[in-house]
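Working notes, structure below.
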Amino acid sequence: MSLSEVLHLVEYSYLYQSIDDTVKAKKGCLQAIKILNTLAKSDNSTQPHIKEVSQFVLNLYDQIDKQPLNTSGKLSWMSSKLSETGTCPPVISFSPNLNSHNQIFFSEDQAFQDEDKSIQKVPENVQWESVMVDDWSSESSDLTSLYQDILPNCSFVSSFLAIIESQTIPIIQSISPHRPSTQYKVQLMFNGTFRNVTIDNRLPYLSNDRSRNLFISSFKDPRLLWPALIEKAYLKVMGDGYNFNGSNMANDTCLLTGWLPQIIKIENGQLPTEFSRLWELHRQGKVLLGIGTGKLSKQIGLHLNLITDHDYVIDNFRMEGNKKIITIKNPWISKSLDCRLISVDEFTYFKYLYVNWKPEFKYTQNHNFLYSPKEFIFNEPQFTFSNDTAQLQEVWLLLERHLPTDSQWMNMQIFETGSKVLTQTQFKKLGLDSGTNNRIQLIKLNMKPNQSYTAVISCGKSCKLTLSMFNNIGPGFKFNKSKWMYVFTLPPIDGEWTDRTNGGNWSISTFIDNPQYDLIVKKDTKLIVVVYGDTQVNTYLLQSDNSKLGERVHKFDKSKLLNNEHYNTFFQLNNYTLAPGNYKLIVSAYDKYIGKYKLLLNSTSEVQLDKTPFSWGLFTTKTGFNWDNQNRFKLRFSTTSYNTKTIFHITHFNGEHNYELLTNYRPAIRASIFDARNSSPILINEKFDDSLYGIFVDWTLEHPGEYILLIERFELGNGRCVVEIGSSKKVHLM
């Protein structure tokens, strides 16, 4: 029995909690307590720590029911699993002075061999050999001669060298224990927290060339192997073993130290204007600096003594007049250290400046969450935070995509608002974001006094993410999931423009065929209406009345319109202040577009939205005729029922198209209803109308019988006339 078994049980208790298996989680705690009780009765060197570990496990047992892990905490533990056989659990703090990385949690008499397949990926002609690591020197002279040989991991080696040369980070403390062993644990920062990565003591050697190395080595001390063990843990986490596929120095330094990574693009062949300040911070031990080349031809690389797509440590900096000159250190060397340092005053062939910031903020908040790609911004993860002070406050936000991960795009946008963002243009967006395929994104924000902000997260693929916020405001300063601007929100409505309902904009005769809704407002309210689609879209809100409920709009009356007529690509948002009453909402694409849309309504009070039926009545029929240079046409029809409510929609077409434009010629038309038996008038319309949307005749036929719809145009002419009849009871054409 040992503390290593206790740690194993505690870690698995957390893992079982993360999948809501409280029975096994409690069982793990009870087994750990049993071992601790046995150890407490024995006389061993770990005796002083048993009490604090025991108290921690007892508290953990109680918390399983009383304070279970929240979703973020569960995801932190679920993110421990990087492969089928390997887990990298978070470092557990048992007390302020004891965590799970301590060497007391190692069993000295138990041999270990790592079976994780991810670290076993090696090139051809490689054999694994166990090594005796008995040189734990951390002398600067030995460590600064570390170099990269065959393995193309310049980013890691440069990060390691930068950490060594800063003399502010004891990198040797990230590996434990400091003695010969078959098992080591390396503490690395990834997936939202510091984690223990377990490895064995085997290293890969080239079977046909012992003079070359596949791992980081020291020119001065060949027995210095503990850096290679840290490298092995790093390669295990990255997932490709010794078939390394690349990274960058900023990410790797963060993984080794937890220092916050920033990647600054080098533009116009110039170092950024703030580089002098960065170098001064570097001298103070507050930042680590590196630089990376872009794509270089072989000829340019040889001429400049640079390597394509390669990361270097920035070793020195000086000014000569207005010229910036840096000395960079190459992590890769072949024969000697003499040509390792390179002086650079021309930066055209460098692509990125890597900066890692020492975390000096007093307060940190971490939130882990699952992400799946969303079609619309309002569905994206959004987090709101507010500066309630009267002073400018600096806040840093770090977004990390969890390993293992493929290269993919992600972004974090910041908006000046305290509510959920519904469109890209709804609120002022700060120009702090830039979409990146890097795994980590850092944004620095100076918060205005008494101003709220919302961060919107987006990625190209499903993944796990951690959002971290660093501040000096206070422990109560937190970000929270964003809320809607107003308290009432209808469920999002999924709609579609079909070949029957793709009406287009109001200058097209089919505009009234667009999807329509009745909006009922019972008290004064502020309302936001948003429509999303894959084309230019807009919504029209028109005043209406109770008598029109369930009926489609017959024409576009600008005098009743409550918003502008502007269309926007992919989305449109309109704000309204409404009095109680009835309104008609029309959802429109600019062109006669066939496709889907989504509709959102958010309001200060409850509203009701009902889809208006597309047809003009319960029963519908359609007919047509050609004018043939005439100006009158009699349409005969009959009904066998009493009180048949009818709507006749009469439209003119000049050609074969089923729509007309506002600029097209159209005759003025009128229509009246007569009793076919005696030609007596039932409804007489004397006024001609050239409405783009056609004319409507609404009437209730009280008695069964035969009728005539007399359709007249103002002058003789040609073209087609289409008549749609909607009725509450069956109507027959004769």
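Identify, by number, the condition in (1) part of a loop (DSSP other than H, G, I, E, B); (2) surrounded by 21 or more Cβ atoms within 10 Å (Cβ to Cβ) that MET485 doesn't meet.
(2)
Any chance segment 616-633 includes a residue that's outside any strand (DSSP E or B), in contact with a helix residue (DSSP H, G or I) (Cβ under 7 Å, 6 or more places away or on another chain) and either closer than 18 Å to ARG552 by Cα or in contact (Cβ under 8 Å) with a residue 12 or more places away in the chain (or both)?
Checked against the condition, which is being outside any strand (DSSP E or B), in contact with a helix residue (DSSP H, G or I) (Cβ under 7 Å, 6 or more places away or on another chain) and either closer than 18 Å to ARG552 by Cα or in contact (Cβ under 8 Å) with a residue 12 or more places away in the chain (or both), segment 616-633 yields no hits at all.
Would you kindly identify the helices (runs of 4 or more DSSP H) lying entirely within segment 67-182 that contain at least 1 residues that are under 26 Å from GLY239 (Cα atoms), in contact with an Asp or Glu (Cβ under 8 Å, 6 or more places away or on another chain) and modelled with pLDDT under 95? Give the steps one after another, and end with the answer.
Values: elements: 71-78, 140-143, 154-166.
Per the criteria, no element qualifies.
Report whether or not TYR517 is over 25 Å from SER76 (Cα atoms) and assigned by TED's automatic domain parsing to the domain that holds VAL553.
Criteria met by TYR517.
Please go through segment 216-261 and give me each residue that is of a type in the set (Ser, Thr, Tyr) and either closer than 23 Å to ASP200 by Cα or surrounded by 20 or more Cβ atoms within 10 Å (Cβ to Cβ) (or both), ordered by number. Break it down into steps so the answer makes sense when it comes.
The initial filter retains those residues of segment 216-261 that are of a type in the set (Ser, Thr, Tyr), namely 217-218, 234, 242, 247, 253, 257.
Matches in segment 216-261: SER217, SER218, TYR234, TYR242, THR253, THR257.
Taking segment 158-195 only, how many residues are crowded, with 20+ Cβ neighbours inside 10 Å, in contact with a Phe, Trp or Tyr (Cβ under 8 Å, 6 or more places away or on another chain), among the hydrophobic types (A, V, I, L, M, F, W, C) and under 12 Å from TRP226 (Cβ atoms)?
Selection size over segment 158-195: 2.
When segment 1-41 is examined, which residues are found to be out of contact with any Gly (no Cβ under 6 Å at 6 or more places or on another chain), of a type in the set (S, T, N, Q) and assigned to a helix (DSSP H, G or I)?
SER4, GLN17, SER18, THR22, GLN31, ASN37, THR38
Tell me which residues, restricted to segment 74-113, are more than 25 Å from GLN55 (Cβ to Cβ) and under 27 Å from the mean Cα position of the chain (by Cα).
LEU75, MET78, SER79, LYS81, LEU82, SER83, GLU84, THR87, CYS88
In segment 556-588, what residues are under 18 Å from SER615 (Cβ atoms) and either over 36 Å from the mean Cα position of the chain (by Cα) or outside the structural domain of LEU527 (by TED's automatic domain parsing) (or both)?
none
ARG318: charged (D, E, K, R) and within 25 Å of ASN438 (Cβ to Cβ), yes or no?
Here the answer is no, as ARG318 does not meet what is asked.
Give the residue that is nearest to the chain's Cα centre (by Cα), with candidates limited to residues of segment 145-167 that are over 8 Å from PRO331 (Cβ atoms) and of a type in the set (Gly, Ala, Ser).
Looking at residues that are over 8 Å from PRO331 (Cβ atoms) and of a type in the set (Gly, Ala, Ser), I get SER155.
Here's the yes/no breakdown for (1) within 20 Å of SER174 (Cβ to Cβ); (2) touching a residue at least 60 places away in the same chain (Cβ under 8 Å):
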residue: ASP62; (1), (2): no, no
residue: ASN70; (1), (2): no, no
residue: SER79; (1), (2): yes, yes
residue: GLY86; (1), (2): yes, yes
residue: PHE94; (1), (2): yes, no
residue: ASN97; (1), (2): yes, no
residue: GLN103; (1), (2): yes, yes
residue: GLN110; (1), (2): no, yes
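Pull up segment 325-357, narrow it to residues that are in contact with a strand residue (DSSP E or B) (Cβ under 7 Å, 6 or more places away or on another chain) and in a loop (DSSP other than H, G, I, E, B), then point me to the one that is nearest to MET189 (Cα to Cα).
By that ranking, first place goes to PRO331.
Which of the residues that make up segment 370-385 are surrounded by fewer than 16 Cβ atoms within 10 Å (Cβ to Cβ) and part of a strand (DSSP E or B)?
Hit for segment 370-385 is LEU370, nothing else.
Using beta carbons and a limit of 7 Å, which pairs, at least six apart or on different chains, have the first residue in segment 473-501 and on the phi > 0 side of the Ramachandran plot and the second one among the β-branched types (Val, Ile, Thr) and part of a strand (DSSP E or B)?
From segment 473-501, no pairs qualify.
ILE673 - would you say it is in contact (Cβ under 8 Å) with a residue 24 or more places away in the chain and either closer than 18 Å to HIS554 by Cα or out of contact with any Cys (no Cβ under 7 Å at 6 or more places or on another chain) (or both)?
yes
Conditions: (1) out of contact with any His (no Cβ under 9 Å at 6 or more places or on another chain); (2) modelled with pLDDT under 95. THR364 meets all but one. Number of the miss?
Result: THR364 passes all but (2).
May I ask you to list the residues in segment 160-197 that are over 26 Å from MET78 (Cα atoms) and of a type in the set (A, V, I, L, M)?
LEU161, ALA162, ILE163, ILE164, ILE169, ILE171, ILE172
Please tell me if PRO704 is more than 53 Å from the chain's Cα centre (by Cα) and either under 18 Å from ASN626 (Cα atoms) or in contact (Cβ under 8 Å) with a residue 60 or more places away in the chain (or both).
Details: more than 53 Å from the chain's Cα centre (by Cα): yes; either under 18 Å from ASN626 (Cα atoms) or in contact (Cβ under 8 Å) with a residue 60 or more places away in the chain (or both): yes.
Judged against the criteria, PRO704 is a match.
Could you tell me which numbered condition LYS420 fails, if it satisfies all but one of (1) in contact with a helix residue (DSSP H, G or I) (Cβ under 8 Å, 6 or more places away or on another chain); (2) charged (D, E, K, R); (3) modelled with pLDDT under 95?
(3)
Answer yes if at least one residue in segment 311-324 is touching a residue at least 40 places away in the same chain (Cβ under 8 Å), within 20 Å of ASN268 (Cβ to Cβ) and assigned to a loop (DSSP other than H, G, I, E, B), and no otherwise.
The answer is no; no qualifying residue exists.
Residues to consider are ALA455, ALA390; find the one that is out of contact with any helix residue (DSSP H, G or I) (no Cβ under 8 Å at 6 or more places or on another chain) and over 27 Å from SER603 (Cα atoms).
Exactly one of ALA455, ALA390 is out of contact with any helix residue (DSSP H, G or I) (no Cβ under 8 Å at 6 or more places or on another chain) and over 27 Å from SER603 (Cα atoms), namely ALA390.
Among the candidates TYR540, TYR567, single out the residue that is at pLDDT 95 or above, of a type in the set (Phe, Trp, Tyr) and surrounded by fewer than 19 Cβ atoms within 10 Å (Cβ to Cβ). If you could, list the steps in order and put the result at the bottom.
Numbers: TYR540 fails: surrounded by fewer than 19 Cβ atoms within 10 Å (Cβ to Cβ).
Exactly one residue qualifies, and that residue is TYR567.
Quick check: is even one residue across segment 674-681 outside the structural domain of ASP591 (by TED's automatic domain parsing), more than 15 Å from VAL723 (Cβ to Cβ), assigned to a strand (DSSP E or B) and among the charged types (D, E, K, R)?
yes
When residues of segment 248-280 are filtered for being touching a residue at least 60 places away in the same chain (Cβ under 8 Å) and assigned to a helix (DSSP H, G or I), how many remain?
Here is the first cut: in segment 248-280, the residues touching a residue at least 60 places away in the same chain (Cβ under 8 Å) are 248-266, 269-272, 275, 278.
Imposing the further condition that a residue be assigned to a helix (DSSP H, G or I) reduces the set to 249-257, 275, 278.
Count: 11.
Given the condition farther than 22 Å from SER176 by Cα, part of a strand (DSSP E or B) and at pLDDT below 95, answer yes or no: does some residue in segment 206-213 qualify?
Taking segment 206-213 as the starting set, the residues that turn out to be farther than 22 Å from SER176 by Cα are 206-213.
Within this subset, residues satisfying the condition of being part of a strand (DSSP E or B) are 206.
Cutting the leftovers down to at pLDDT below 95 gives us 206.
Yes - at least one qualifying residue is present in segment 206-213.
When residues of segment 266-306 are filtered for being within 15 Å of VAL344 (Cβ to Cβ), more than 31 Å from the chain's Cα centre (by Cα) and surrounded by fewer than 17 Cβ atoms within 10 Å (Cβ to Cβ), how many remain?
7
The values are calculated or read from the model by the stated rules, or taken from the named source; none is laboratory data. Remember, it's a predicted structure, so these values are computed and weren't measured experimentally. Glycine gets a Cβ as well: all are built from the backbone with ideal geometry, and neighbour counts include every protein chain shown.
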